[in-house]
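These notes are about the structure you will find just below.
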Amino acid sequence: MPTKQELLEQATKASPAQAEALYKEIITSPISDHADVPQREAELRQQEAALVKLAGLYQTQKNAKGVAEVITLSRSFVSTTAKAKTAKLIRTVLDCFNAIPDSQQIQIDVLRENIDWAQREKRIFLKHSLETRLVGLQLETSQYKPALSLIETLLTELKRLDDKMILTEVHLLESRVYRGIGNLAKAKAALTSARTAANAIYCPPHLQARLDLQSGILHAEDKDYTTAYSYFYETFENLSSQDDPGALGALKYMLLCKIMLNLPEDVTALLSVKFAAKYAQLRDVESMRAVARAHQQRNLAEFEKALKDYQQELSSDPTIRTHLSALYDKLLEQNLLRIVEPYSVVEVEYVAQQVGQGRQAVEIKLSQMILDKVFHGVLDQGRGCLIVFEEAEADNTYGAAIETLEQVGKVVDSLYAKTVKIA
């Protein structure tokens, strides 16, 4: 009967179907009770290698259910290994899901199953690690309510154990969840807690980059794009030095800040700098360059074309989507103001043609601008016209009259006080 090592060597040369059968045979075959310690350790290492290779094989085939099966198969094997090694092995296999599209729900089911198993086996560290990963997946799939519920339980346990590293990660996830539901006050509070926990330990560069990225996103939500840019720059510098693919996202946020600060001309200058040059030709960066060009020319049609041509790059990220939506509204408002300013009465149809928008959309935007007091006017629905009024000068007569009456009141009170004394 061939040894596990020989089976491993055969699997590397075999077809995918044969390799799959060989890896399963290695994982499921028991270790001899008569084997000495070095032999047992060697066989455990071979089983571990087979486990990782089988997961890698399923990853290449985009087989999410196969990866889930590997994790289930591994349980009998990991029961005999050290707890720290078990956690690392399960995390390695779980990472195989990342390259498989639309596998989030399978991942969530697998994680819940393994969290229950870890709890039964009293593997607390592994349980916390899996729960943290589950929160991340729930955040990705916009399941905010269960994510917050799990975070609350996790934080209670982690504070008792005083595990600062996972505590930092969970607080960071909490901040991202609160930002997802639009509660910025709690998002900032959670981020402050994450930074406090991070200050008490050595914070790995990748975790520091995620903290800076979240800080930048929250500052951008507050329209403080200058501070946000500095955080995104720190993130980009940190991630690009490690050749992390996340650096591209930080660079897009930096370009977004320049556009939102009305400095679209700085986009080209920024992309010519050495550290950003290698990303300059990528489609994601090209999408931001197209938006910057449209914004610089105040051209609504070009802006819409950029949003359409680069829909995937500009709409997949909620942060970029939100800010570009606000920028589009601002650009539309500026274009409408430029068109209606010379007129006292102007047809809505003409305004719609000039900005290249539908009449109904323009009417809604004009009525919103009137309500926001961007300009003074009224929409005449009967005639289909916009009547623009001159900005009324503030009449101070009433204010001055009230002030005079207040002073007269004081004089009367003073005279009354004097008559009382005389009497």
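Within segment 1-53, count every residue that is of a type outside the set (D, E, K, R) and either in contact (Cβ under 8 Å) with a residue 60 or more places away in the chain or in a loop (DSSP other than H, G, I, E, B) (or both).
Looking only at that region, the number is 11.
Would you point out which residue out of Ala185, Ala200 is more than 18 Å from the chain's Cα centre (by Cα), open to solvent by 60 Å² or more (accessible area, probe 1.4 Å) and either closer than 30 Å to Ile320 by Cβ or in contact (Cβ under 8 Å) with a residue 12 or more places away in the chain (or both)? Write out each step before concluding.
Values: Ala185 fails: more than 18 Å from the chain's Cα centre (by Cα).
Ala200 is the lone residue from the list that is more than 18 Å from the chain's Cα centre (by Cα), open to solvent by 60 Å² or more (accessible area, probe 1.4 Å) and either closer than 30 Å to Ile320 by Cβ or in contact (Cβ under 8 Å) with a residue 12 or more places away in the chain (or both).
Scan segment 213-228 and tell me whether some residue there is surrounded by fewer than 19 Cβ atoms within 10 Å (Cβ to Cβ), free of Cβ contacts under 8 Å to residues at least 12 places away in the same chain, under 21 Å from Leu130 (Cα atoms) and charged (D, E, K, R).
Looking for residues that are surrounded by fewer than 19 Cβ atoms within 10 Å (Cβ to Cβ), free of Cβ contacts under 8 Å to residues at least 12 places away in the same chain, under 21 Å from Leu130 (Cα atoms) and charged (D, E, K, R), one finds none in segment 213-228, hence no.
Identify the single condition in (1) open to solvent by 80 Å² or more (accessible area, probe 1.4 Å); (2) in contact with a helix residue (DSSP H, G or I) (Cβ under 6 Å, 6 or more places away or on another chain); (3) free of Cβ contacts under 8 Å to residues at least 12 places away in the same chain that Ala352 does not satisfy, given that it satisfies every other one.
Only one criterion is unmet by Ala352, namely (1).
Inside segment 318-346, can you point out the residues that are out of contact with any helix residue (DSSP H, G or I) (no Cβ under 7 Å at 6 or more places or on another chain) and either of a type in the set (Asp, Glu) or more than 18 Å from Leu261 (Cα to Cα) (or both)? Write out each step before concluding.
The initial filter retains those residues of segment 318-346 that are out of contact with any helix residue (DSSP H, G or I) (no Cβ under 7 Å at 6 or more places or on another chain), namely 318, 322, 325-326, 329-330, 334, 337-338, 341-345.
If the condition is that a residue be out of contact with any helix residue (DSSP H, G or I) (no Cβ under 7 Å at 6 or more places or on another chain) and either of a type in the set (Asp, Glu) or more than 18 Å from Leu261 (Cα to Cα) (or both), then Pro318, Asp329, Leu337, Arg338, Glu341, Pro342, Tyr343, Ser344, Val345 are the ones that fit.
Sort out which residues of segment 340-368 are of a type in the set (A, V, I, L, M, F, W, C) and under 28 Å from Met288 (Cβ atoms), and write them in order of number.
Val355, Ala361, Val362
Residues in segment 203-233 that are under 17 Å from the mean Cα position of the chain (by Cα) and closer than 18 Å to Leu172 by Cα: how many?
Taking segment 203-233 as the starting set, the residues that turn out to be under 17 Å from the mean Cα position of the chain (by Cα) are 206-223, 225, 228-229, 231-233.
Then drop every residue that is not closer than 18 Å to Leu172 by Cα, which leaves 206-221, 228, 231-232.
Counting residues in segment 203-233 that are under 17 Å from the mean Cα position of the chain (by Cα) and closer than 18 Å to Leu172 by Cα gives 19.
When segment 364-386 is examined, which residues are found to be in contact (Cβ under 8 Å) with a residue 12 or more places away in the chain and within 13 Å of Leu337 (Cα to Cα)?
Lys365, Leu366, Ser367, Met369, Val374, Phe375, His376, Gly377, Leu386
Quick one: how many residues across segment 135-163 are among the charged types (D, E, K, R), open to solvent by 60 Å² or more (accessible area, probe 1.4 Å), in a helix (DSSP H, G or I) and more than 21 Å from Gln107 (Cα to Cα)? If you could, list the steps in order and put the result at the bottom.
Filtering segment 135-163 down to residues among the charged types (D, E, K, R) leaves 140, 145, 152, 157, 159-160, 162-163.
If we keep only those that are open to solvent by 60 Å² or more (accessible area, probe 1.4 Å) as well, we get 140, 145, 152, 159-160, 162.
From the residues that got through so far, the ones that are in a helix (DSSP H, G or I) too are 140, 145, 152, 159-160.
Next cut, more than 21 Å from Gln107 (Cα to Cα) only: 152, 159-160.
Matching residues across segment 135-163 total 3.
Residues being closer than 20 Å to Thr227 by Cα and open to solvent by less than 40 Å² (accessible area, probe 1.4 Å): count how many of those fall in segment 247-287.
19
Can you name every residue in segment 295-332 that is under 24 Å from Asp372 (Cβ atoms), of a type outside the set (Ser, Thr, Tyr) and surrounded by 17 or more Cβ atoms within 10 Å (Cβ to Cβ)?
Of everything in segment 295-332, those that are under 24 Å from Asp372 (Cβ atoms), of a type outside the set (Ser, Thr, Tyr) and surrounded by 17 or more Cβ atoms within 10 Å (Cβ to Cβ) turn out to be His295, Leu300, Phe303, Leu307, His323, Leu324, Leu327, Leu331, Leu332.
The values are calculated or read from the model by the stated rules, or taken from the named source; none is laboratory data. All values reported here derive from a predicted model rather than from experimental measurement. So basically every Cβ, Gly included, is an ideal-geometry build from the backbone, and we count neighbours across all protein chains shown. Areas reflect the complete protein model, heavy atoms only, side chains present, ligands, DNA and RNA absent. Shrake-Rupley method; radii C 1.70, N 1.55, O 1.52, S 1.80 Å.
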